[in-house]
Amino acid sequence: MWLRTRVLVTRSWSELERRGTEPALAMLHTARDAAADLGDPLLLALTWIQEGTVLGRVGDWRACVSALEHAADGEHLLDPSQTWALWLNLGQAELGLGDTAAAAAHAEAAIAVAAEHGLVDLEFKARHNRAVVAFVDGDVPRALLLMKEADQMDAAVSRDRARLDHAEVLIAAGLVRQARATLEDALVTARAEGHRLETGEIGLRLARCDVLEDDLDGARRHLRSAVAAWRTRQADALLREAELVRATVDVADGSDLPAVVTALARRNTGMLGPAPSDRVAVRIEAEARALLGDPDGAEHRLDRLAGHPTGSLAAGLHEALVRARIAAARGRCDEAGRQATTGSRLLAAHQHQSSSLDVRAAMALHGRALARFDVERALEGGDAADLLSTVERWRAISHRVAPVAATSDPELSALTRELRRLRRLSTDGGADVVRELAPRIAALEADVAEREWSLADQVSSRPQAGAVEPDEAGAALADRQATAVELVESGGVLRAVVVSERGTTSHELGPLVDVVSLVVRLRRDLRARASLAPHSPMLRTLARATRSSLGAVDAVFGRLWGGGARVIVIPSASLSAMPWRLLPSLAGSPVTVAPSLTRWVRGPQRVGAEQPQEPLRALYGPGLAHPAPEVAAVREAWGVSTTTRAAASSDDVLAALGAARVVHLAAHGTHEAQSPLFSSVRMADGPVFAHEFPRPVVAEHVALAACDVGQFSSRPGDEPLGLATALLSLGTHSVLAAVAPVADDLAAETMVHYHRQLARGADAAEAWCATVAEQPDAGAFCVYGSEWSAGGTEAAETIR
């Protein structure tokens, strides 16, 4: 009798997967009756623990807690593994109900039990659950770190559940591409092993990825898959989660809104539950009501959230969006703008918790819907100054505060050194070496990225500046006799907001796809020219093609500059690789390309940055035609007498960025569009990656005599990422960099001329303007960031 009862308890788990919730619970009730007949309190406690586990698996958290509290009465009878199961499952259920403090305490209790008794496999699971609690508490960097530490344990357990939770944290961080890859791998395993519940959970998470990436058709496909999997297992709580995601899709698509309101009104009747999904349901219903023109009903629903924690970044931004929609439905545009401002500040606060430039940029994905609404609101209002304020509110938010700060991380340093070594071997080797090393390099890049994502900002608090307003921008531009042109993409149309001493105006430039095609054609011509030998018969033909391409692009933008003595361009995401300095209409005008107008007006925040220790360091990497004379001439221009007889190492580059006021670096460069922070410059020991730059960077101005590294990739949410923009976000005032290939000899000649101009006191944009006037083909380079000169805000005499 005892053995049969024990088998029933164990079999209930497989019964859940095979036939569903009700048969599994029925089996446990039979076992409980038998345990009572036997008078065995231990066996009785085990039936309650297993029932809690089953109920937790299908998301019925209240019933799960109730079952486990019954089991706790017999805690003194449990062996270590059974005690571990009690605390682990109770903590998971409390997490599902939103009680993170209790969840953390019970996860720690489970870790302690497992560690004390050497139960490595169980300790892994408890440590992983503790990471999930950190995630739900909003501490994404800590969650990623704890998950990585758990994953490194030598535990012989399936990692499938851990992979799902890891994907959930990646989604919260905005790293949707990486989350999708993790989920798709897990889906293959779940289907192969016939795990229907897990298949459904993966499908639901993939649907949420689709929603974030605006793929609503993909979200509906994944939802159908999840629902089909769960219906066969009577997973009612999980089906309710799927219904919630379906409502999210319908609201995003603006379809079937009355049905959404009806369904969620039924669900939201009665007391608001403590689970995060209960609050999600309220917000979605309120948003649907606002879209249907019922702002009073929407606000009444949102009032139910008063006194309840907002929860995640995504939840806070969603609430700000709903409140902005309510204000807009009432015709209160200013109030809608204030709600959007609240959302942008919330996003900034979460970005600053992380020391990872990648995570900071990725988090902006969660603000995309609110930013899109905000821009559309401003466009409908027709006020160019309001449009400028709105666009700036969302553009490059992470550049507005002091650079991220992180303690030195030995593991990240070791991983990066090994990646550098393998990259160098791959570059120097033949095709066979490249093929052999490719899998190891890819795996190392993934490890480096994950470690970098988990680094938390070590500065506990810092001022968070808002975006520049039109009056402040206009005054700064008038002082420099400058015109700013901020490009905006909305609804497939490219627009420009032009700001000058004459005021602020808005201009429609045409379909975005048409403008992008012109820029792509221009870049193709530039690359083709750069690949030709100096006396190739094709040079003349490609020169004509390039002039034609430049003329076509100039016809779009040339009317915007307004004859200003100086021009600042703030490009939109699709125009990140445009060589602005080459446009004929900008000949003779100093040009700066900035991540945002706010960044140009105010410059970088350099709180905590050390003072430069020397005026200049000039370095070069391997494989260039004549780098030593170039570097010597640059040093001579600044009156620096030291010499270098060999190519510099990665350590030399990092030391220079952390000590010198001006850094000149001549090297081959690479922009990695898919992984921008692996963009690099090649040095003697291998590439130096953007992600390993000092935090903060001491150098005020950096000249990168390297191809392509002026490019940046924009994550959804207008957050630029690349090698040059990494320097800017880490405190550098300005960077000179190229967005296309440039011949070594041309780069060397122009760089010497440029540094002579800088050393004489010209600001960076003026110095490069004068240089391009002498060598027009060097226009693939441009100055990025803010205005900077050697006689600027950081006086030269402060350098020891």
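The values are calculated or read from the model by the stated rules, or taken from the named source; none is laboratory data. Bear in mind that the values here come from a model prediction, so they are computed numbers and not experimental data. Quick reminder, even Gly has a Cβ in these numbers, built from the backbone with ideal geometry, and neighbours come from all protein chains shown. The protein model used for the area step is the full one, side chains on, heavy atoms only, and it has no ligands, DNA or RNA in it. Shrake-Rupley method; radii C 1.70, N 1.55, O 1.52, S 1.80 Å.
With respect to (1) without any contact (Cβ under 8 Å) to a residue 60 or more places away in the chain; (2) over 20 Å from Leu55 (Cβ atoms), the lone exception for Ala102 is condition (2). In the stretch 688-702, the residue that is surrounded by the fewest Cβ atoms within 10 Å (Cβ to Cβ) out of those that are part of a strand (DSSP E or B) and at pLDDT below 95 is Phe689. No other residue among Arg435, Arg372 is basic (Lys, Arg), without any contact (Cβ under 8 Å) to a residue 40 or more places away in the chain, within 25 Å of Arg177 (Cα to Cα) and surrounded by fewer than 24 Cβ atoms within 10 Å (Cβ to Cβ) apart from Arg435. Only one of the numbered conditions (1) part of a loop (DSSP other than H, G, I, E, B); (2) modelled with pLDDT under 90 is violated by Ala762, and that is (2). Among the residues of the stretch 135-157, is there at least one that is farther than 30 Å from Gly218 by Cβ and touching a Pro at 6+ places or on another chain (Cβ under 7 Å)? Looking for residues that are farther than 30 Å from Gly218 by Cβ and touching a Pro at 6+ places or on another chain (Cβ under 7 Å), one finds none in the stretch 135-157, hence no.
Based on this model, can you work out whether Leu575 counts as closer than 26 Å to Ala484 by Cβ, in contact with a Lys or Arg (Cβ under 9 Å, 6 or more places away or on another chain) and touching a residue at least 40 places away in the same chain (Cβ under 8 Å)? When the stated conditions are applied, Leu575 does not pass them. Of all residue pairs spaced 6 or more apart or on separate chains, those with beta-carbon atoms under 7 Å, a first member in the stretch 670-688 that is closer than 21 Å to Leu575 by Cβ and a second member that is hydroxyl-bearing (Ser, Thr, Tyr) and open to solvent by 40 Å² or more (accessible area, probe 1.4 Å) are Ser679/Thr670. Of the residues in the stretch 711-722, not one is at pLDDT 90 or above and not hydroxyl-bearing (Ser, Thr, Tyr).
When Leu575 is tested against (1) open to solvent by 10 Å² or more (accessible area, probe 1.4 Å); (2) within 23 Å of the chain's Cα centre (by Cα); (3) of a type in the set (A, V, I, L, M), only condition (1) is not met. Residues in the stretch 112-130 that are closer than 25 Å to Ile171 by Cβ and among the hydrophobic types (A, V, I, L, M, F, W, C) were compared, and the one that is surrounded by the fewest Cβ atoms within 10 Å (Cβ to Cβ) is Phe124.
Residue count for the stretch 176-190 satisfying the condition of being closer than 12 Å to Ala207 by Cα and either among the hydrophobic types (A, V, I, L, M, F, W, C) or at pLDDT below 90 (or both): 3.
In this entry, Ala552 is excluded by the filter for residues that are in contact (Cβ under 8 Å) with a residue 40 or more places away in the chain and either under 14 Å from Pro584 (Cα atoms) or under 35 Å from the mean Cα position of the chain (by Cα) (or both). For the stretch 6-26, a residue qualifies if it is within 25 Å of Arg231 (Cβ to Cβ), of a type outside the set (D, E, K, R) and surrounded by fewer than 23 Cβ atoms within 10 Å (Cβ to Cβ), and the qualifying residues are Trp13, Ser14, Gly20, Thr21, Pro23, Leu25, Ala26.
Using the structure shown, decide if Ser675 is open to solvent by 10 Å² or more (accessible area, probe 1.4 Å), among the small types (Gly, Ala, Ser), more than 14 Å from Pro595 (Cα to Cα) and out of contact with any Ser or Thr (no Cβ under 6 Å at 6 or more places or on another chain).
yes
There is no residue in the stretch 131-154 that is buried (at least 24 other Cβ atoms within 10 Å of the Cβ), farther than 23 Å from Ala446 by Cα and small (Gly, Ala, Ser). Are any of the residues in the stretch 340-351 aliphatic (A, V, I, L, M), under 24 Å from Ala496 (Cβ atoms), in contact (Cβ under 8 Å) with a residue 12 or more places away in the chain and open to solvent by 30 Å² or more (accessible area, probe 1.4 Å)? So far as the stretch 340-351 goes, no, none of its residues is aliphatic (A, V, I, L, M), under 24 Å from Ala496 (Cβ atoms), in contact (Cβ under 8 Å) with a residue 12 or more places away in the chain and open to solvent by 30 Å² or more (accessible area, probe 1.4 Å). Scanning the stretch 400-418 for residues that are open to solvent by less than 50 Å² (accessible area, probe 1.4 Å), out of contact with any strand residue (DSSP E or B) (no Cβ under 8 Å at 6 or more places or on another chain) and at pLDDT 85 or above yields a count of 4.
Restricted to the stretch 232-250, and to residues that are among the charged types (D, E, K, R) and within 18 Å of Asp217 (Cα to Cα), which residue is surrounded by the fewest Cβ atoms within 10 Å (Cβ to Cβ)? Quick ask: steps written out before the conclusion?
The first filter runs over the stretch 232-250 and keeps only residues among the charged types (D, E, K, R), leaving 233, 236, 240-241, 243, 246, 250.
Cutting the leftovers down to within 18 Å of Asp217 (Cα to Cα) gives us 243, 246, 250.
Working: Glu243: 17, Arg246: 20, Asp250: 19.
Looking at the filtered set, the residue picked out is Glu243.
Residues in the stretch 578-612 that are part of a helix (DSSP H, G or I) and surrounded by fewer than 19 Cβ atoms within 10 Å (Cβ to Cβ): Pro584, Ser585, Arg602. Applying the criterion of being β-branched (Val, Ile, Thr) and over 36 Å from the mean Cα position of the chain (by Cα) to the residues of the stretch 45-63, the residue that is farthest from Thr83 (Cα to Cα) is Thr47. Suppose the filter is under 29 Å from the mean Cα position of the chain (by Cα), farther than 23 Å from Ala673 by Cα and outside any helix (DSSP H, G or I); does Val498 pass it? Yes, satisfied. Entry remark, the stretch 82-100: residues being at pLDDT 90 or above and open to solvent by 50 Å² or more (accessible area, probe 1.4 Å) number 0 in total.
Determine which member of the set Ala648, Ala625 is in a loop (DSSP other than H, G, I, E, B), open to solvent by less than 30 Å² (accessible area, probe 1.4 Å) and not acidic (Asp, Glu).
None of the others qualify; the one that does is Ala648.
Residue-level check: of (1) of a type outside the set (Lys, Arg); (2) farther than 21 Å from Ser549 by Cβ; (3) touching a helix residue (DSSP H, G or I) at 6+ places or on another chain (Cβ under 9 Å); (4) in a loop (DSSP other than H, G, I, E, B), Gly563 misses just (3). Among the residues of the stretch 52-64, just one is free of Cβ contacts under 8 Å to residues at least 40 places away in the same chain, open to solvent by 20 Å² or more (accessible area, probe 1.4 Å) and not small (Gly, Ala, Ser), namely Arg62. On the given criteria, is Leu455 closer than 28 Å to Met147 by Cβ, open to solvent by less than 40 Å² (accessible area, probe 1.4 Å), modelled with pLDDT of 90 or more and of a type outside the set (S, T, N, Q)? Here the answer is no, as Leu455 does not meet what is asked. Of everything in the stretch 504-563, what is open to solvent by 70 Å² or more (accessible area, probe 1.4 Å) and either acidic (Asp, Glu) or at positive phi (or both)? Give them in sequence order. Those that are open to solvent by 70 Å² or more (accessible area, probe 1.4 Å) and either acidic (Asp, Glu) or at positive phi (or both): Glu508, Asp514, Gly563.
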